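Structure first, commentary second.
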Amino acid sequence: MQDSRRKNLSSLVITASGISLLCLSALHFASPEFEPSWRMVSEYALGKHKWLVSLFFVFWGLSSLLLAADLWNHVTSKASKAGVTLLFISGIGASLAALFDVSQPAGHGIAGLLGIPTVPVATLLIANHISKKHEWSSFAKPIKFFAHCTWIALVLMVVTMAVMMTGFKDAGIETGPDSPPPSHVPEGVIAMAGYVNRLMILADIVWLILVAKAIKDISHLKPSLQ
């Protein structure tokens, strides 16, 4: 009965993650005016489909919260428990981003603080722990690979964002929290932060799906191993 509940919970994680990715994909078609090379995903809330952005964050947050609940009984070390706790906090952050969009900088900033830097730490702590468990051996490599992708993508986003903001400043365009978004990218400004932002999100959500699928498969195999 317990394994059945875990499989159901894992299925919910995969479903919620999939819906989140579908919402993100749909936004690129619904709001083509937001150039993906330099506009952040959260900026879609400034367009005509704010509800779709909210759904994206709601289902992303839900998948993180559900996976954290599912993982708690699979990890045993203090470090991995801390990782699961951080994963839960990241889910709260993503959920808050649905309530506080970029037009509410204070709330959105808190959501980002809770939801963004916690993910790489959580994924690495959890991946390092479960990779040492025999039943996780066949799933360890892709889970560890995408765990590393989460922090690499975050570092790249910080770097590309800094390069882009410096370029805007040199071009005489203000980019402060109270300034309206630039209408275009001036010639000579390197703008790739939007692409990296999307890659970071993709890495984060794919990791959730991989871990949930591993839990589901492990639960399915347990009866035959007994």
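We did not get these values from a lab; they are worked out from the coordinates using the rules stated. Computed from a prediction, not measured in an experiment: that's the story for all the values here. All Cβ positions, even for glycine, are placed from backbone atoms using ideal geometry, and neighbour counts span all protein chains on display.
Annotations for the structure displayed:
- Sites residue 8 and residue 135, calculated FRET efficiency, Cβ-Cβ separation with R0 25 Å, nearest 0.05: 0.85
- Top of 68, 106, 191 by mean-square fluctuation, Gaussian network on the chain, Cα under 10 Å: 106
- Taking the C-alpha atoms only, the angle from helix 118-130 to the longest principal axis of the chain is near 20 degrees.
- Lysines whose Cα lies under 26 Å from that of residue 81, excluding same-chain neighbours fewer than 8 positions away: 7, 132, 133, 141, 144, 213, 216, 222
- Compared with the dominant Cα axis of the chain, that is its longest principal axis, helix 105-115 is turned about 30°.
- ³J(HN,Hα), Karplus 6.51/-1.76/1.60, whole Hz, each residue of the range 57-66, x for Gly, Pro: 6, 4, 6, 5, x, 4, 5, 5, 5, 5
- Residues considered: 84, 163, 121. Largest GNM mean-square fluctuation over the chain, using C-alpha springs under 10 Å, is found at 163.
- Extension gain for residue 145-residue 217 works out to 24.0 nm (0.36 nm per residue, less the C-alpha to C-alpha distance).
- Computed on the chain, the Cα convex hull volume stands at 114 Å³ per residue.
- For the chain, the relative contact order is 26 percent, taking Cα pairs closer than 8 Å that sit 6 or more residues apart in sequence and dividing their mean separation by the residue count.
- Take the Cβ atoms of residue 82 and residue 106, set R0 to 25 Å, and the FRET efficiency comes out at 0.35.
- Centroid-to-centroid separation of the range 155-193 and the range 84-100 [C-alpha atoms, Å]: 27 Å
- Relative to the longest principal axis of the Cα atoms of the chain, the long axis of helix 193-225 makes an angle of roughly 10 degrees.
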